[in-house]
1. Once you put a point 7 Å from the Cα of Tyr397 and another 7 Å from the Cα of Asp228, both along the Cβ direction, what distance in nm separates them?
2. Using 7 Å Cα-to-Cβ label points, what is the Glu179/Asp329 separation (nm, one decimal)?
3. Taking 0.36 nm per intervening residue step and subtracting the Cα-Cα distance, what contour gain separates Asn122 from Glu243 on full extension?
4. With an 8 Å Cα cut-off and a minimum separation of 6 or more residues, compute the relative contact order for segment 72-135 in percent.
5. What do you reckon, how do Trp55, Trp277 stack up by accessible area (1.4 Å probe), largest on top?
6. Testing the spin-label approximation: label points 7 Å from Cα along Cα→Cβ at Leu365 and His186. State their distance in nm.
7. Compare the peptides 261-274, 171-184 by average per-residue count of other Cβ atoms within 10 angstrom and give them in order, highest first.
8. Which order do Ser250, Ser116 take when ranked by solvent-accessible area (1.4 Å probe, heavy atoms of all protein chains), largest first?
Amino acid sequence: MYIIINIITFASQIKFLAIPPASLTFFTIHPKPQCSMSNANCSEQMLYLLRCALWEEKLDTSRFDEQTDWQGIMGKAGKHTVHALVAQQIKRVAEAQNNEPLVAACIRVLMQASQSNQLVNNVLKRLSHTIQQCGFPAMLLKGQGVARYYQQPDLRVCGDIDYYTGKQTDEITERLAKEIDGLEIHTGGNRAKHRNAGLNGVEIELHYHTFCPSKREIAEKVDAWSDDELAHHTRTMMLGDTEVTVPSASFDAVYIFIHLYFHFLSEGIGLRQVCDWMRCLHVNRQEISEERVGEWLTRFGLVHAWQLFGLMAVRHLGMPREEMPLYRDRRRRAADRLFLHLMDSSNFGMEMKQIWEKNIPRRFLAHKWYSLKQYTEFYVPRAYLFPRQGVPRLFGYYKRSLRQIMEHH
């Protein structure tokens, strides 16, 4: 199997496209500074600032000077959706160096993140209050529940709101539409997994399942596990004056990992998803049961994946090794390769998707060949690192593509 993977890897070395660096339109410095930093140096500086934000490390402002490419650093941070965390640290550097334009640029980023979080929190409060008034069981997953693991929750760039509502999802969705003015029920999306809604520009997902049923390799096991855990082991958190039900610390640690791992395999992830996982492990280090985590991961066949991501987090992102359950200091080269793939990716692969959609040919065979090359280039490294889940996905894609070509002719 590894011989086949290596052959395909060699065949896919020619790149169709290069992904341009992300940029933040609201992070602008006037006048624009002259700089000569390399792409690698931008990444190194961004990671240093991110580690300082995550672990409250002492910031060495002397590492930065007039040649520092702040726009490039923030572009990389934006690509991985950690720009508010990085901007907070850049602001500290700018204040130490009396760089007023840079301070102003950072303040704009921080204000935007704070306002976005406030908007999502207001919608979440309204949603939670209505759900409680109606007497429905519901569990907040990920998102704003994870934000509380950061020293400053507003620095976590927020997304949508995810609620686990189980078998009553349809009933709850329709009731919320009646009770909350302005709530819109959206059609489409992954209806096998959740119902989609929107309120004041915030996307809401009400989940039948905690895990996508299309990932058959562990979907039934994860659903059975999550149904049991969410029924018997929960906590509450306060969001202002609103009480919200959230999962146990051990559940959160494993669930956040499963979510980021399968997104990594299917489309890519950014650093924010790994930061969420690390902060969950760090803040809940006294509550998380390593024995239970190990039992669950063994049941799902994900111990190897967990340990490789854990080694990568310790080696490259500052995660304290004593806080990583099931930590194993093995396969360092594989962990380093995983980190490179992570750095080449972006938040849920959005940047790559946009470029693929822009460049994909219209003619059927040209379209399929382009897709084949792109997906081979994407899937092969993942299949090499994680053969148990990656290889079936790779050959499943080839099988589907061949079937489509045969049907077309």
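The values are calculated or read from the model by the stated rules, or taken from the named source; none is laboratory data. In this text, all values refer to a predicted model and were calculated from it rather than measured experimentally. Heads up, the Cβs are rebuilt from the backbone with ideal geometry, glycines too, and the neighbour counts pull from every protein chain shown. What goes into the accessible areas is simple: the full protein's heavy atoms, side chains included, and nothing from ligands, DNA or RNA. Shrake-Rupley method; radii C 1.70, N 1.55, O 1.52, S 1.80 Å.
1. Result: 3.4 nm between the two label points.
2. Each label point is offset 7 Å from its Cα along the Cβ direction, giving 5.3 nm.
3. Answer, rounded to one decimal: 42.3 nm.
4. Worked out over segment 72-135, it gives 24 percent.
5. Trp55, Trp277
6. About 3.8 nm separates the two model spin labels.
7. 261-274, 171-184
8. Ser116, Ser250
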